[in-house]
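Okay, so here's the structure we're looking at.
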Amino acid sequence: EPHSSKGTWDLDYRGSDSCAQLKVGNGGIVAVSYLQSITPTISMGGEGFYQGKNRFSAITAAIKYNSKTDVASFTMASFGPIILSYLRKVSARCSLATELFWDMRGRDTMLTVGYRYDLNKATLSGQIDSNGRVAGYIEEKLNPGLSLLLSGELDHSKAEYKFGFGIQIGQ
């Protein structure tokens, strides 16, 4: 929407084996989520949200497996999408990830493969997906609480090329 402002307010709770979030935004957006550990490596949870402006609501359920080197999750939403994701911590500095997105209603699928590599004062990350979109991101920590951000995204199928930079103050 042209000439519109957007804002959201989050309230987070983190317990020893659970977390919850309440999110409220202008435009009538309300979301509630909850994640509970079932075992030391398996968590289950869900989310419900309502968009008052569009009169749209949905429920999402998820299960997550988390070990020292692997994270896998399965998410299913009431409005169609199923998402499978897997992350492997190859070393203390390097992680590789993949995600499969399948929309049951629209029959759309997308596979994304990504990486993250931590240097002493910088983090490099990137991804490529089955639609031919390639993205890269660099975050360099200049001082504690101050980071320089550089990003780029190439979408050859749509002939869209985006590049950006920023400064992050705080964590």
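Taking square-rooted eigenvalues a ≥ b ≥ c of the alpha carbon gyration tensor, is segment 1-62 rounded, prolate or oblate, where a/c under 1.5 means rounded and, failing that, a/b exceeding b/c means prolate?
Judged from the Cα gyration tensor, segment 1-62 comes out prolate (a/c at least 1.5, a/b above b/c).
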Consider a paramagnetic label point 7 Å from the Cα of residue 74 along Cα→Cβ; state which residues of segment 5-39 have an amide N under 20 Å from it. 34-39
Subset of 89/162; 23/53; 89/141 violating a 20 Å alpha-carbon distance limit: 89/162; 89/141
Pair-distance profile P(r), taking every C-alpha pair of segment 80-149, with 10 angstrom steps and integer %: 19, 38, 28, 13, 2
Compute the distance in nm between two label points, each set 7 Å from the Cα along the Cα-to-Cβ direction, one at residue 30 and one at residue 104. 2.7 nm
Would you tell me the accessible area of residue 30, worked out with a 1.4 angstrom probe on the heavy atoms of the protein chains, in Å² to the nearest 10? 70 Å²
Candidate residues 121, 141, 64: accessible-area rank, largest first, probe 1.4 Å: 121, 141, 64
Ordering 116, 14 by how much accessible area each has at a 1.4 Å probe, largest first, what is the list? 14, 116
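How much length would be gained if the chain were fully extended between residue 131 and residue 41, taking 0.36 nm per residue of separation minus their Cα-Cα distance, in nm to one decimal?
On the way: separation 90, 0.36 × 90 = 32.40 nm, distance 3.30 nm.
Between residue 131 and residue 41, full extension yields an extra 29.1 nm.
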Rounded to a whole %, the carbon-and-sulfur portion of the accessible area of segment 1-90 at a 1.4 Å probe is 61 percent
Computed on Cα atoms, Rg of the chain relative to 2.2 N^0.38 Å comes out at 1.18
With the Cα gyration tensor of segment 109-171 in hand, give its eigenvalues times 5 under a square root as the equivalent ellipsoid semi-axes, listed largest first in whole angstrom. 26, 13, 8
Keeping all protein chains in place, calculate the accessible area per residue for segment 33-95 (probe 1.4 angstrom), answer in Å². 63 Å²
Consider a paramagnetic label point 7 Å from the Cα of residue 119 along Cα→Cβ; state which residues of segment 86-112 have an amide N under 17 Å from it. 93-95
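The values are calculated or read from the model by the stated rules, or taken from the named source; none is laboratory data. Computed from a predicted structure; not experimentally measured. Positions of Cβ are generated from backbone atoms using ideal geometry, with glycine treated the same way; all protein chains shown enter the neighbour counts. With ligands, DNA and RNA removed, areas are computed over all heavy atoms of the protein, side chains included. Shrake-Rupley method; radii C 1.70, N 1.55, O 1.52, S 1.80 Å.
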